[in-house]
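The values are calculated or read from the model by the stated rules, or taken from the named source; none is laboratory data. These numbers come from a predicted model, not from an experiment. In this analysis, Cβ positions are derived from the backbone assuming ideal geometry, glycine residues included, and neighbour counts consider all displayed protein chains.
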Amino acid sequence: MAGLRERQKAGRRRSILAAAENLFRRDGFDATPVDAIAEQAEVAAGTVYNHFESKGDLLLALVARDGEEVRAAGRDIIADPPKDPVAAVRRLLEHYVDHSLVHLSKSMWRNAMATALTQADSPFGQGYAQLDRKLADQVGELLLAMQGRGQIAAGVDCRAAGDLLFASCNSLFMGFVAREERTLADLKREMARQVKIVFTGLIAPRP
């Protein structure tokens, strides 16, 4: 019976998240009341609060699910990356942004980012920062894997380089979600340019 109850609980959680995703996309985060989410999920409003303390927690759960999915696929890229280091990093970062609109709209990302920035010390802000930290760490893991194969210079601090590359990507992503007219193709072109600069370097070769 305990196993059945856990499955039912997990099923209700999935239904609530699916309803929240649909309504946040359709009506916007601010305009969606918890009662509407409960109605679409076919549960009582109290059941929603049993799983999520607030509407913000629902949004963070959707962001977290996105992060879990992209990291899972990212592990496959790390296990078998393109031979060219630049292409490998681009593939990982492009995978992140390609997946970004699967579950969340640009409007939902704007709400999540605004909350994370204005409430940095809140559970939401800290949770969002942890999700970004995990993605930055994964970029560093890719660089470490390539360093182990002799594709990255031995003296490079791959963790710091991963932080730099992810921060660059994240900054561009914030600009992407800020404007509805910006396309993924626009974002990827800018990412490719910045990744190339990181790998090429800024110092002219000595004569």
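Show the residue pairs meeting these rules: Cβ distance below 7 Å; 6+ apart or different chains; first residue within the stretch 73-94 and assigned by TED's automatic domain parsing to the domain that holds E190; second residue among the polar types (S, T, N, Q) and buried (at least 18 other Cβ atoms within 10 Å of the Cβ).
G74/Q138
With (1) surrounded by fewer than 18 Cβ atoms within 10 Å (Cβ to Cβ); (2) farther than 20 Å from M113 by Cα; (3) in contact (Cβ under 8 Å) with a residue 12 or more places away in the chain; (4) not assigned by TED's automatic domain parsing to the domain that holds G127 as the list, and G46 as the residue in question, which single condition is left unmet?
Answer for G46: the failing condition is (3).
Among the residues that make up the stretch 157-177, is at least one of them more than 26 Å from I78 (Cβ to Cβ) and of a type in the set (K, R)?
no
Given (1) assigned to a loop (DSSP other than H, G, I, E, B); (2) at pLDDT 95 or above; (3) loosely packed, with under 15 Cβ neighbours inside 10 Å, identify the lone condition not met by D30.
Among (1) assigned to a loop (DSSP other than H, G, I, E, B); (2) at pLDDT 95 or above; (3) loosely packed, with under 15 Cβ neighbours inside 10 Å, the lone unmet condition for D30 is (2).
Residue-by-condition table, conditions (1) surrounded by 17 or more Cβ atoms within 10 Å (Cβ to Cβ); (2) within 16 Å of the chain's Cα centre (by Cα); (3) touching a residue at least 24 places away in the same chain (Cβ under 8 Å):
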site: Q147; (1), (2), (3): yes, no, no
site: A154; (1), (2), (3): no, no, no
site: G162; (1), (2), (3): yes, yes, yes
site: F166; (1), (2), (3): yes, yes, yes
site: E181; (1), (2), (3): no, no, no
site: L187; (1), (2), (3): yes, yes, yes
site: M191; (1), (2), (3): yes, yes, yes
site: F199; (1), (2), (3): no, no, yes
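Is it the case that D35 is exposed (fewer than 15 other Cβ atoms within 10 Å of the Cβ), at pLDDT 95 or above and charged (D, E, K, R)?
Yes, satisfied.
Identify, from the list G155, G162, G175, the residue that is of a type in the set (G, A, S) and within 18 Å of M113 (Cβ to Cβ).
G175
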